[in-house]
Structures are given as C-alpha cells and as structure tokens.
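A short write-up of the structure that comes next.
Any read-out appearing in this document is the output of simple, stated calculations on the displayed coordinates, not a laboratory observation. These numbers come from a predicted model, not from an experiment. Heads up, the Cβs are rebuilt from the backbone with ideal geometry, glycines too, and the neighbour counts pull from every protein chain shown.
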Amino acid sequence: MKRRFAEALSEVKRALDLDPLSLHMNAALVMACYFARHYEEGIEHGRKTVETDANFYLGHHYLGLAYAGHGQYSEAVEAMQKAVVLSSNSTLTLAALGAVFAFWGKAEEARKILTELELLSRRKYVSQTSVAAIYAGLGENDRALTCLEQGCADRCNWLPHFVATDARFDRLREEARFQDLARRIGIA
C-alpha cells in the first residue's frame with residue numbers, strides 16, 4: 001500500500017472524464033478523497049453523486065465518511081442512515097454508522113449497533129475490520145486491535161486500506177500491536 005493519493009485522485013478523475021455518469025467512479029472519487037483526507041472535496045463531490053442518483057447507497061456511504069472526517073457528524077449520520085436503508089442493512093455500512101456515532105461521542109448509539117452486528121454475525125459474515133472502527137471511536141484500543149487482528153485472520157480485503165490510510169485508526173498507529181499488524185500485512 002503506497003498511499004499515492006495524488007496519483008489515485010488523478011486516475012479516478014481521468015476515468016470520470018471518460019464516463020462522468022458512472023456512479024461507481026463517482027463514489028470512487030469520494031472514497032479516494034476520504035482516504036486522502038480531502039474531506040471538503042469529498043463532501044462536494046459526494047453531494048453531487050447522491051443528487052445524480054439518490055438511491056445509490058455507496059454515494060451516501062462515502063459521503064457519510066467524508067462528513068465524519070470533516071467533523072460534520074450530524075450530516076454523516078444522516079448520510080449513513082440512508083446508506084444503511086438503501087443497502088438493505090449492509091453490515092459494512094451499519095458498522096460505518098456505528099463508527100460515526102462512536103467518534104461523535106454517542107456511545108450508547110454506537111453500542112446498540114455493536115449489539116446488532118453481534119446478532120447479525122450469527123447468521124452472516126460481519127467484517128471485524130469494520131467493527132474495529134467502532135471500538136477505535138469509543139477509545140477501546142485493545143478491542144479495536146483485537147478486531148483488526150481477527151480481520152487479518154479472516155483475510156478481510158479492506159484491512160490493508162483501513163490500516164494504511166483510514167483516519168479512524170489514526171489513534172492506534174503508535175500502538176505496538178498496530179505496527180506489528182501493519183508489518184505482517186506488508187504495510188511499511
């Protein structure tokens with residue numbers, strides 16, 4: 001994971017020049033802005049994406065992440081709640097909503113989502129990498145790290161992105177367990 005944000009943003013924008021109506025590429029731009037911490041640009045483009053198709057859940061999902069990264073938690077919750085409904089209760093999106101609540105300081109709401117995810121995990125896969133973001137927001141670093149390690153054991157495909165670039169894990173980056181995990185999955 002090389003964290004070449006300028007190059008990633010440039011490539012996604014080039015793809016959008018070729019197909020400006022591609023919802024997935026529009027969402028990819030918002031995601032790239034989020035990972036690059038260009039939250040204002042992500043919010044601006046995310047708004048345009050959901051205006052293009054109000055039923056495209058990924059647009060709401062990444063817009064919610066951009067709002068949260070910018071500290072606009074009320075807007076982030078609204079976007080994520082729409083994404084949860086539109087995604088038919090995607091566990092990844094539900095966990096992202098829980099993380100927004102956790103980082104906003106709404107621990108009770110975050111814990112309700114943790115309980116819901118635990119119940120869902122009895123019937124279907126729930127990414128522990130996503131659950132880790134909720135615990136990170138709650139300041140429960142050991143539990144967040146345990147979830148990230150479980151995500152590694154599960155071979156979660158989002159783990160490298162989360163570990164390398166996701167701002168929700170910034171408070172864990174100095175932890176020895178986090179650094180060990182990053183080394184194990186090939187992130188310098």
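Which of Leu117, Leu94 has the fewest other C-beta atoms within 10 Å, and how do the rest follow up to the most? Provide the component values of the computation, followed by the final result.
Values: Leu117 19, Leu94 23.
Fewest-to-most Cβ neighbours within 10 Å comes out as Leu117, Leu94.
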Rounded to the nearest 0.05, what FRET efficiency is calculated for Lys106 and Asn55 with R0 set to 25 Å and r the Cβ-Cβ distance? 0.40
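From the cross-link list Lys13/Lys82; Lys13/Lys124; Lys13/Lys112, which pairs have alpha carbons spaced over 32 Å apart?
Details: Lys13/Lys82 26 Å; Lys13/Lys124 35 Å; Lys13/Lys112 38 Å.
Pairs exceeding 32 Å: Lys13/Lys124; Lys13/Lys112.
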By counting other Cβ atoms within 10 Å of each Cβ, how are Ile134, Ile187, Ile43 ranked from fewest to most? Ile187, Ile43, Ile134
Once phi for every residue in the stretch 141-157 is put through the Karplus expression 6.51 cos²θ - 1.76 cosθ + 1.60 (θ = phi - 60°), the whole-Hz ³J(HN,Hα) values, with Gly and Pro written as x, are 4, 4, 5, 4, 5, 4, 5, 4, 5, 5, x, 5, 4, 7, 6, 4, 6
What shape does the stretch 15-88 take by its C-alpha gyration tensor, where a ≥ b ≥ c are the square roots of the eigenvalues and a/c under 1.5 counts as rounded, a/b above b/c as prolate, and the rest as oblate? oblate
Relative contact order (%) - criterion: Cα under 8 Å, at least six apart; region: the chain: 15 percent
Report the full-extension gain for the segment His161 to Tyr125: residue separation times 0.36 nm, less the Cα-Cα distance, to one decimal in nm. 11.0 nm
Karplus 3J(HN,Hα) series, Hz, for the stretch 69-77 with 6.51 cos²θ - 1.76 cosθ + 1.60 (x for Gly, Pro): x, 8, x, 9, 5, 4, 5, 4, 4
Could you work out [θ]222 nm for the chain from helices alone, using -39500 (n - 2.57) per DSSP H run of at least four and dividing by all its residues? Round to the nearest 500 deg cm²/dmol. -23000 deg cm²/dmol
